[in-house]
Each structure stands twice: as C-alpha cells, then as structure tokens.
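To start, the structure under review is shown below, and the notes come after it.
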Amino acid sequence: MTAVAERPRERRGAGVKLVEPGLADLECRAALAALAELATLRPTAADRDDVMRRLVDRVCEVLHIARGAIYVRDEQREVFVGCASHPAGELQEEVRRLVLGGPTDRITREILEGRAPVLIRDTNSDPRALTCAVRNYKIRALLGLPMIVDDEVLGVLMLDNHSESHRFAPVDIEIATAFAALGAAALKSCRETGELRAALDTATRQNRLLRRTTVAEHRLSDAILGGGGLSAVVELVTNLTGKPAALYDLHGQLVASSTPEGSDLKVALIAGAAGDTAVRACLEEVVAGASATIEPSVGDVIRRRHLVAPIDVRGERWGWLVIMEHPSRLAAFDDFLIRRAATHLALELAGRRQMVASSADARAMLARQLIRGTTVEGDLRRQAEFLGVRLESHRVVAYFNAEPDRFDAQVLVEALHERLGTEVLATRGPDGFALLIEIDSEEPSASAVRHTQVALTESLGVVCSQPQLVGVSAVCRDADELPGGYRMALQVTRCIECFSHRGSHRVLAADDLGPGRLFVANSHPDELRRFVEDVLGDLLAEDDACTELVRTLDSFYETGRSVRLASERLGVHENTVRYRLSRVHAITGLDVAADADDQLSVQVALLVLRLQSHPSLRSFEDCRPAPQEQAA
C-alpha cells in the first residue's frame, strides 16, 4: 500500500524507525489481514449483499469507525441505492431506502467527478453537507470514497463516526481506499457472474423454447396431414398452451373454438366486441405474419388480454386466430405458436381452395351435398369450414324450374345477398335450380319466410325476364333438415306448375299451401279438376250466391274454422256465416262444420281453386300478412 510505504521515517544511528501517525503496526496488520481475507472471496450476484456487508463491517472494525454504508450504482436510474451497512439491523433498512446521486447531492457528485475520496471534517461548517440525510443521521465527520474499477464507479463507500468527531488520517484514507477498490472488484465480479447467469438462463429458456417449438411444429404438421381440418389446429393450440383458443372468419363468425379441460371460459374477443371500433382498429393494424396483444383497456367489453394473429390466404385476409390469457400469462411460446398455427391454417385453406377450385363451383357442390344429405358429416363439415359456410345456420330452400341457357343463378344469388344480407348457396339440377338461403335465427319463422319470398320476387324481377315459378320450404334449423326442405320446395313448385300459366313471377311457400300440397303435387291436373267438381259441385256455378258461399268457406278455413273470426273477415253477422254453411251442406251434402272428412275434402278443393286463381278467392299474395304483422 502506498500510504504504508511512504510513512515518515526517522534515522537513529544505523537503523530506521517508522513513525505511524494514524494506526499502530498491529492495526496495519489487521487491515492487511482483512483485505487478504476479503480478496479470497469469489462472490456471485446472489452473494453481493452479504459480501458488501462483510466488507463494510471489516473496514469499520479496522478504522474504529462507528458507522459505514455501501451504495451500489443503479444502471437504469443513474443513482446509487443502499446495499449494506454497519451496524446492520435497523440501520440496514434505513440505508436500503436511501438513494445517493440526486441533483442536490453535492458530496456524491464531487466523488464521481473527481474519482477520489471526499473528506468533510465538520459537517456543521461545510456547505456540501447541507442535506437532509446528514442532519437526520447526525453526522459530524464524513468520508466518502468511490468504488472504482476500470475507471467506472460501481459504488460509493460512506464512513462516519455518528455525532462524534473523527480524525481521518492519510493512512486511514489509504486503507479505506483499498477496501473500496476491493469492494469495486467484488461488485464487478458479481455483475459479471450475474450477466453470465442471465445469459445462461436465457440460453436455457431459448433451448427449452426451441424444443417446445420443434414439438409444436411437428404436431401442427401432423394435425394438417391427418385431415383434422381447422378445428384440429385450434384444439391443438389449446392443448399446447393450456389456454382457450378460437378461430374467426373475416366477418367475425366463430368457425372453431377450444377450451382447456376443466374450464368453461371461452374466447369472446371478436364476437363480443364486433361493434367496438377500437378493437376492430387494432385488428386491422396487424400485418400478415405478425401477431398483436389486445389489452383490456382497448375495448369496453374486454376483460382479459388476448393474443391475435391474422390468417391471410394469397394476400387476402380470411380471418383471425385468438388465444386468451387464462389461466396463465401470455408467454413467448404462445406468440410463436399462434403465428405458426396461423401460417398452417393459411396453408391448409390455400391448399383446400386450390383443390375445390378444380370443381366448377365448390359452393354449388356443397349445396348439392346438403340437399342430398348423403355425404359423411365430418367431410361435409370440413368442406363447409374451408368455404366459410356455417352449417348451424337456419335456412330455407327455394326451388324453381328454369332453362339453363337463359338463366344465371349466380346473378340471382348476388341480388338476394344484397337484399337480405345473408349467405345464399345455389346448385343446378337436371330440371332447375335450388337455393339455400340463410335467414336470421332470431326472427320468427313466418316473418323470415315472408321476407325471403319478397326478396325472391324482387330479385327475379331484376335479373330474370322470363316468369319463374318458385317454391319455398319451411325453415330448416340445421343441415339435417335441408333434404326434407328441398323435397318440400319441390312439392310447392309442382303445385304451382299444375295450374299457373307463367304470366308473372310467382313465389309460394310451403306454409301457404299447408299439407294439402302433398296431394296436389302428386296428382294429375285433370284429376284435380274432377276432384274439385266432385267436392264442390254446384258451388262452382258463376253466380253471386255461389261466389259468396265459396268465399265464406275460404274465410271459414282461413280463420281456423272460427265462425266469429270468419264473420269479422267477411263483415257480416255470425248467424249469416252459420246460414251460409248450412246452405253449403244443403247444396253439396258436405257438413264442413262437424265432419272431419268433409272438412279435409273442402280444404284441398279450395287449395286447388286458389292455385287456379279462382275469381271468388284472394290470391296467396293478397291473403298473406306483411312481415311486420307476422312478427307482431
């Protein structure tokens, strides 16, 4: 040590006597022993505080100092925070709360600028010591030393003797400087070992992530090659992350979803925030191949963080893959997996589209399979997923005969979609076309069918110059009911063809004709005319009395065989209705008020007359209520 080597010497005869003004030889040896002991330590980041505490204890012990503290540099804030103190205990906690190096800390700033010890012998007269910490700790004399290594100040060592004065001799300062240098070396060792440990931890995490990503990549490929479809990929994402996942198309319709075992919490980001412009804006900003985290603060209905990745097929956005943060936090593996899964989904969609593009019309093929009902459900569902068709939607089937060379079904499909705003599938058969028209599942069935009839009539008037006869089925609530709906629409069309002269577009629904359509659709027109003549007989005479009787019969059946309602519809007294029904009984021998067989015969006969547009009866279009009346 320089201070010890340059002590003042006094020659006496042939010998030399050392004079030590600050420390005795015994104390010097104690200092050297303490330094040697501390120098043998190989501290790590985890041992830093313990090593600093031992160092400040030994320096205070050697220099007979009451108090000492070490402050370590905080790289992020560019200040020095408390690390260790002597004595420990309550002072340790106070030191840890203390921060040096602030704008008003002149002592620490001087230590940093000069890279040398700063000694204040009397804090009462030194303006540098006008700080709250000096007053609070009642410091009389203060020695501050930089802990320097490679010209970098890693910490500050502060020594004081409480309220008592202490004469820091030059050798004291030299010894304290040696302890500070040793402490700086220890801090550097701690930092380097910490960096090495952090690098090792990072490499370990990266290796673990690499192994997981490799496994995930193989399993994603296996899911696609195994023919599991889009649902299998979404389920795999849940299995690998342990979090709920969902797949949405571009319109926000849920295509597939999956939840971890034992959890009933489902993803509801896009469906629940469909009208949230902030969420939609975040989704639109994500570029192809990337991912984004949507925080709960973005939307009004979002309660958890969501990780989203777009699915782009040949430059066209098809939909979104979403992972919800539950039960664990989103991690780097989740981000990797969602992007890779979105890529695999896009590749699968592109491959599937390429495959179905070889057909003249993939959607027409799907519609044909739906109305035939002969395809395996799993294959049908996968094809519907790739085409973005929801099999669970409510639909009606419309059938009409048309000459293939004079009618373009696709034009009609686009016109219907523009009017209804729902999905329309079309397929061509040997004799005509069938349309599968999606309806609003929340709307009453009768109102939905009526809206469809009106839209069909208007669309046909725009895109088709030739009059068309169209039969519409009742509402089919799932894909299994579509074959029956097709047969129903076909029966209605045959009923219209028996008596219509194609003077204009005519669109009738199965609900308009009732079960009598089965008899009418499968009978020859001549046989039906003879049946009507046999049932109604003289009532078909063209005179006012017979016309009133036929109209009364029609109102009686239209009101559910209610005399009161029939009288209100006709605007006559109830007794008048009863009298007219008795007249029908007298003329035809049919007891329509009491005999079930007679009631069925007359009802079918009236159905045929209406199809023939008999002048005494209103047409189906005239007697059908408006959509808002049906909903009411």
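With respect to Leu540, is the statement that it is without any contact (Cβ under 8 Å) to a residue 12 or more places away in the chain and within 24 Å of Cys498 (Cβ to Cβ) true? Break it down stepwise before answering.
Working: without any contact (Cβ under 8 Å) to a residue 12 or more places away in the chain: yes; within 24 Å of Cys498 (Cβ to Cβ): yes.
Judged against the criteria, Leu540 is a match.
Which one of Val577, Val584, Val608 is part of a helix (DSSP H, G or I), at pLDDT 75 or above and over 15 Å from Thr547 (Cβ atoms)?
Numbers: Val584 fails: over 15 Å from Thr547 (Cβ atoms); Val608 fails: at pLDDT 75 or above.
Unique residue meeting the criteria: Val577.
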In the stretch 80-106, residue most open to solvent (accessible area, probe 1.4 Å) [restricted to those that are of a type in the set (Val, Ile, Thr) and modelled with pLDDT under 90]: Thr104
Output the qualifying pairs, or none if there are none: Cβ atoms under 6 angstrom, residues six or more apart or on different chains, first residue in the stretch 367-390 and closer than 19 Å to Leu349 by Cβ and touching a residue at least 60 places away in the same chain (Cβ under 8 Å), second residue assigned to a helix (DSSP H, G or I) and basic (Lys, Arg). Phe386/Arg352
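Counting only residues that are in a helix (DSSP H, G or I) and at pLDDT 90 or above, which one in the stretch 235-269 is surrounded by the most Cβ atoms within 10 Å (Cβ to Cβ)?
Step one: of the stretch 235-269, the residues in a helix (DSSP H, G or I) are 235-241, 269.
Then keep just the ones that are at pLDDT 90 or above; that gives 235-241.
Working: Glu235: 17, Leu236: 22, Val237: 28, Thr238: 20, Asn239: 14, Leu240: 19, Thr241: 22.
Per the criteria, the residue is Val237.
Evaluate the stretch 196-205: report whether one residue or more is hydrophobic (A, V, I, L, M, F, W, C) and closer than 24 Å to Ala346 by Cβ. Before the answer, list the steps.
Just the residues of the stretch 196-205 that are hydrophobic (A, V, I, L, M, F, W, C), to begin with: 196, 198-200, 203.
Pick out the ones that are also closer than 24 Å to Ala346 by Cβ and you get none.
No, because not a single residue in the stretch 196-205 is hydrophobic (A, V, I, L, M, F, W, C) and closer than 24 Å to Ala346 by Cβ.
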Name the pairs: first residue in the stretch 94-121 and closer than 22 Å to Ser163 by Cβ, second residue in a loop (DSSP other than H, G, I, E, B) and of a type in the set (D, E, K, R), Cβ to Cβ under 6 Å, at least 6 apart or on different chains? Ile120/Asp126
Within the stretch 587-601, track down each residue that is touching a helix residue (DSSP H, G or I) at 6+ places or on another chain (Cβ under 7 Å) and either open to solvent by 60 Å² or more (accessible area, probe 1.4 Å) or part of a helix (DSSP H, G or I) (or both). Ile587, Thr588, Ala593, Ser601
Go over the candidates Ser473, Ser447, Ser441 one by one and state the one that is modelled with pLDDT of 80 or more, of a type outside the set (A, V, I, L, M, F, W, C), within 22 Å of Arg487 (Cα to Cα) and open to solvent by 10 Å² or more (accessible area, probe 1.4 Å). Ser441
Taking only pairs six or more apart or across chains, which ones have beta-carbon atoms under 7 Å, a first residue in the stretch 454-477 that is among the hydroxyl-bearing types (Ser, Thr, Tyr), and a second residue that is open to solvent by less than 20 Å² (accessible area, probe 1.4 Å) and outside any strand (DSSP E or B)? Ser459/Leu412; Ser459/Ala415; Ser459/Leu416; Ser473/Gly485; Ser473/Ala489; Ser473/Ala510
Residue by residue through the stretch 129-169, note down the ones that are open to solvent by less than 50 Å² (accessible area, probe 1.4 Å), not in a strand (DSSP E or B) and not hydroxyl-bearing (Ser, Thr, Tyr). Ala129, Ala133, Val134, Ile139, Ala141, Asn161, His166, Phe168, Ala169
How many of the residues in the stretch 564-585 are under 20 Å from Asp598 (Cβ atoms) and either in contact with a His (Cβ under 7 Å, 6 or more places away or on another chain) or touching a residue at least 24 places away in the same chain (Cβ under 8 Å) (or both)? 5
Run Pro127 past the list (1) under 17 Å from Leu157 (Cβ atoms); (2) over 56 Å from the mean Cα position of the chain (by Cα) and report the number of the one that doesn't hold. (1)
Could you look through the stretch 270-288, keep only residues that are at pLDDT 75 or above and open to solvent by less than 60 Å² (accessible area, probe 1.4 Å), and pick out the one that is nearest to Val322 (Cα to Cα)? Leu283
What's the number of the condition Ser616 fails, among (1) assigned to a helix (DSSP H, G or I); (2) open to solvent by less than 40 Å² (accessible area, probe 1.4 Å); (3) at pLDDT below 75; (4) among the polar types (S, T, N, Q)? (1)
Verdict on Ala426 being modelled with pLDDT of 85 or more, assigned to a strand (DSSP E or B), surrounded by 20 or more Cβ atoms within 10 Å (Cβ to Cβ) and not basic (Lys, Arg): yes
Condition (residue is out of contact with any helix residue (DSSP H, G or I) (no Cβ under 6 Å at 6 or more places or on another chain) and under 30 Å from Arg48 (Cα atoms)) applied to the stretch 228-243: is it met by at least one residue? no
Strands (runs of 3 or more DSSP E) (entirely within the stretch 285-329) containing at least 2 residues that are touching a His at 6+ places or on another chain (Cβ under 6 Å): 316-324
Which members of the stretch 451-485 meet the condition of being within 18 Å of His417 (Cβ to Cβ) and touching a Ser or Thr at 6+ places or on another chain (Cβ under 8 Å)? Val470, Val472
Within the stretch 331-374, the count of residues that are modelled with pLDDT under 85 and surrounded by fewer than 17 Cβ atoms within 10 Å (Cβ to Cβ) comes to 13
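The values are calculated or read from the model by the stated rules, or taken from the named source; none is laboratory data. Since we're looking at a predicted model, the values are computed, not measured. Virtual Cβ from ideal backbone geometry, glycine too; neighbours counted across all protein chains shown. Ligands, DNA and RNA are stripped out before the accessible areas are found, and what is left, the full protein with its side chains, is counted by its heavy atoms. Shrake-Rupley method; radii C 1.70, N 1.55, O 1.52, S 1.80 Å.
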